[in-house]
Structures are given as C-alpha cells and as structure tokens.
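J.: Could you have a look at this structure, given as structure tokens, before my questions?
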Amino acid sequence: MAEATSKPRDGVQIDLISAERMDGLASMEKIRMILDGVRDGNIVVLEEGLTPDEESRLIEVTMTEISPDEFNGIEIETYPRSETADQSFLDRLMGKESTKKLTVIGPANQIETLHKDETLISALVSRK
Amino acid sequence: MGLLTELRDSISRAASTLFSEQDPKRIGIYGPPNAGKTTLANRIARDWTGDAVGPESSIPHETRRARRKENVEIERDGKSVQIDIVDTPGVTTKVDYTEFLDHDMEKDDAVRRSREATEGVAEAMHWLREDVDGVIYVLDSTEDPFTQVNTMLIGIIESQDLPVLIFANKIDLEESSVKRIRNAYPQHETVPLSALEGDNMDEVYDKIAEYFG
Ligand SMILES: Nc1nc2c(ncn2[C@@H]2O[C@H](COP(=O)(O)OP(=O)(O)O)[C@@H](O)[C@H]2O)c(=O)[nH]1
Ligand SMILES: [Mg+2]
C-alpha cells in the first residue's frame, strides 16, 4: 500500500483494510490492492470480504502472476465460513449477503493455517 | 478452416440441432487436485461414447487444460440427455513448482508444468464464470472436505446460480466418509461413488439426468 511502504527489516507487515476503504473501489482495484500487498510479503486482512465473483477473479489473477522462485500464490482464509448454511436465520431473513466475512490473505510460502473452526482462525506467519 | 470443413461442420451442426431436442448442457467437473475428476470424466465418456477424455495421474495437476468431450448422450428411463463434459484442472490458490520435483522431474519440466497448471486454473475459473451450465463438484471422500478452496469454490458456483451436484468419490477406500461431506455442504445433494471401480454409477447417471437434463 502506498502509505505504508517502509517497514521494519525483520518484521511482518499486516494491512488491516476497512470495509469503508474497500467500498469505494472497483473489483479489479480491490484485487490489485490485495495482490500488491501480498506480493510485498504482507498479510492483508479485510474487514469485509470479497464477493464470490471477486474471489473467482482473485484466483484467476493470482494464477496469472505466479512465477517460479518469486511468487507461488496466496493463502486465503475467511471467517465466518461463506456458506449459506452458516448464515444465521436472521441474516437470511434480512437478505444479508454472506460475503461479509473477515478475510485473511497472505503469501502462500509465508502463511500456514494451523487451525480453523467456526470461531477461530489460527495461522502461523513466517518472516520472508 | 477450409471452406469444405466449414461447410461440413455447419451441416452437421444444423443436423444435430435438428435431431436433438435441445443443445447439450455444458457440465463442468470441478474440485481440488487429485479428487478423481479425470477418472470420472473418462468413465462417463467411456460408458456413453466409447473413448476417454484425458490421462489420470497421482501427480497433481496432470490435467492442465480444460478438456471437453462433446455430445455425451446419457440414457435414463427411455429418455436421453445430451451433455458436454468439461474436465478441469484442480482449482487452487497456489502452485509451487518445487512440489513437482518430488515426482522425479527436472527443474525445467517442473517449471513448465507449473506454468501450464496456473494457466489451466485461470482458464477453469473463467469457464466457471462464462461457459458452464452446471457443475459436478468432485471431492475425495477420504479427505477433509472443509477446506478454504472448496468452500470458496462452492460459494462461487452458488453465486452463479448453477445447478450443482457434489460427488463423494473414492468410496472404495476404507477411510472414506460420505457423511463428512454431507455435513460440510448440507445445502447440496451429495452422491457417493467410486469413479475408479465404477461403484454406484447408476445413481450417478440418474442424478446427472435429473439435475442437468
Ligand atoms: N481408490 C480410488 N482411487 C481413485 C478413484 N478415482 C480416482 N482415483 C485415483 O486418484 C488419483 C487422481 O485421479 P485423477 O482422476 O487424475 O484426479 P484429478 O486430479 O481430480 O483429475 C489417480 O491415482 C486415480 O487413480 C476412486 O474412486 N478410488
Ligand atoms: Mg485431472
């Protein structure tokens, strides 16, 4: 991200991106922002996740950017799970989209999910 | 294309639309790498057309291009349904060429293979958004179905409003659990099968006819 390019040499940068910030962006801008962050070795956390269509484009663009010894893709975890079965009765009643989910995205070679259930994501992030 | 082949193609196209009640539905076979998608596609193609779709392999990403088998005619209860089956590369969010090195491959080969794999996955995602009329989602029933990629892909398929069947494959193996898949995705019909052994294929074809016919 533009404003946060300088980072301590030895740490892991985490970008927490608010729903408000994402709202003003077009799908491809969101995807660009996520992949730019991840390719810099950052962990990107989205307060409100992507739509399924954006997720599918994120996979597609990720694939086109993978290159040997440089970038081998992303790890992505969401909470709560995006299935409709997990939506509460109230959510469905209110016609709420199931896309509003906390989403964690990181470089595949640096982030490893240790444990995940309905209420917790535990991930190990290694330095570059 | 030559004028003659073009002519022949258009005549056969006209003939096929004349004789079939409707255009074949294009059914995409999706799922993670090694679930048995190609084994299934080959079995369907062999059962109804006599030849195969492509090579099956225990090496991940053997299928690196979407492969299509057109006009597969499945007969059920005296009726016939026409489908085109599209076998896709396993969808993933990461491809690391060094994993191929474990399969006794030279670096050059591994790099090329991983590049083809990434192109194939991108293509499969594109197909899903633009070009398929229904989805068979194949899972290896010996493995935990509740991965991020599966959940995300099924979410994407649902958002496209496509008819979808979940196939719980490899029921011939002892560690297989169809129930685990049913519990993970209760909103969809799950059909158990062994694509390798041909177990429960009658139900598989019944469901294909019912959902995609
Ligand atoms: N035991 C068992 N093995 C299977 C079954 N279906 C596929 N396989 C094996 O799983 C591996 C991957 O199969 P393949 O069709 O290439 O998977 P794909 O990557 O999803 O296309 C191969 O070694 C297959 O022989 C099945 O029903 N039972
Ligand atoms: Mg395959």
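The values are calculated or read from the model by the stated rules, or taken from the named source; none is laboratory data. These figures come from a predicted structure and were not determined experimentally. Positions of Cβ are generated from backbone atoms using ideal geometry, with glycine treated the same way; all protein chains shown enter the neighbour counts. Please note that ligands, DNA and RNA were not included when accessible areas were found on the heavy atoms of the full protein model with its side chains. Shrake-Rupley method; radii C 1.70, N 1.55, O 1.52, S 1.80 Å.
J.: Limited to region B:24-43, what total is found for residues that are within 11 Å of the chain's Cα centre (by Cα), more than 7 Å from ligand 1 (Cβ to nearest atom) and either surrounded by fewer than 20 Cβ atoms within 10 Å (Cβ to Cβ) or farther than 21 Å from B:ASP202 by Cα (or both)?
T.: Total satisfying the criteria: 2.
J.: Name, by its number, the condition in (1) part of a loop (DSSP other than H, G, I, E, B); (2) under 18 Å from B:ASP87 (Cβ atoms); (3) touching a helix residue (DSSP H, G or I) at 6+ places or on another chain (Cβ under 8 Å) that does not hold for B:VAL132.
T.: Evaluating B:VAL132 over (1) part of a loop (DSSP other than H, G, I, E, B); (2) under 18 Å from B:ASP87 (Cβ atoms); (3) touching a helix residue (DSSP H, G or I) at 6+ places or on another chain (Cβ under 8 Å) leaves (3) as the failure.
J.: Still on this structure, please answer the following. In region B:149-159, how many are more than 8 Å from chain A (Cβ to nearest Cβ) and either without any contact (Cβ under 8 Å) to a residue 60 or more places away in the chain or farther than 24 Å from A:ALA108 by Cβ (or both)?
T.: Going through region B:149-159 one residue at a time, the tally reaches 0.
J.: Only one residue in B:ARG65, B:ARG46 is more than 13 Å from the chain's Cα centre (by Cα), of a type in the set (Lys, Arg), under 18 Å from B:ILE136 (Cα atoms) and open to solvent by 40 Å² or more (accessible area, probe 1.4 Å). Which one?
T.: B:ARG46
J.: Further, regarding this structure: Report, by residue number, each residue of region B:90-107 that is at the interface with chain A (Cβ under 10 Å from one of its Cβ atoms) and open to solvent by 60 Å² or more (accessible area, probe 1.4 Å).
T.: B:LYS94, B:GLU99, B:LYS107
J.: For the list (1) in contact (Cβ under 8 Å) with a residue 60 or more places away in the chain; (2) within 14 Å of chain A (Cβ to nearest Cβ), I need the number of the one condition that B:VAL81 fails.
T.: Status for B:VAL81: all satisfied but (2).
J.: So, in region B:155-184, exactly how many residues are at pLDDT below 95, surrounded by 20 or more Cβ atoms within 10 Å (Cβ to Cβ) and touching an Asp or Glu at 6+ places or on another chain (Cβ under 7 Å)?
T.: 2
J.: Of A:SER18, A:SER82, A:SER67, which residue is over 16 Å from the mean Cα position of the chain (by Cα) and at pLDDT below 95?
T.: Every option except A:SER67 fails the conditions.
J.: Would you confirm whether any residue within region B:54-62 is within 9 Å of ligand 2 (Cβ to nearest atom), in a helix (DSSP H, G or I) and either in contact with a Pro (Cβ under 9 Å, 6 or more places away or on another chain) or within 14 Å of chain A (Cβ to nearest Cβ) (or both)?
T.: Within region B:54-62, not a single residue is within 9 Å of ligand 2 (Cβ to nearest atom), in a helix (DSSP H, G or I) and either in contact with a Pro (Cβ under 9 Å, 6 or more places away or on another chain) or within 14 Å of chain A (Cβ to nearest Cβ) (or both).
J.: Name the single residue, out of those in region B:68-89 being outside any loop (DSSP other than H, G, I, E, B), within 16 Å of ligand 1 (Cβ to nearest atom) and open to solvent by less than 80 Å² (accessible area, probe 1.4 Å), that is farthest from A:PRO107 (Cα to Cα).
T.: Once the filter is applied, the top-ranked residue is B:LYS69.
J.: Out of everything in region A:52-71 that is touching a residue at least 12 places away in the same chain (Cβ under 8 Å) and more than 7 Å from chain B (Cβ to nearest Cβ), what residue ends up being most open to solvent (accessible area, probe 1.4 Å)?
T.: A:ARG57
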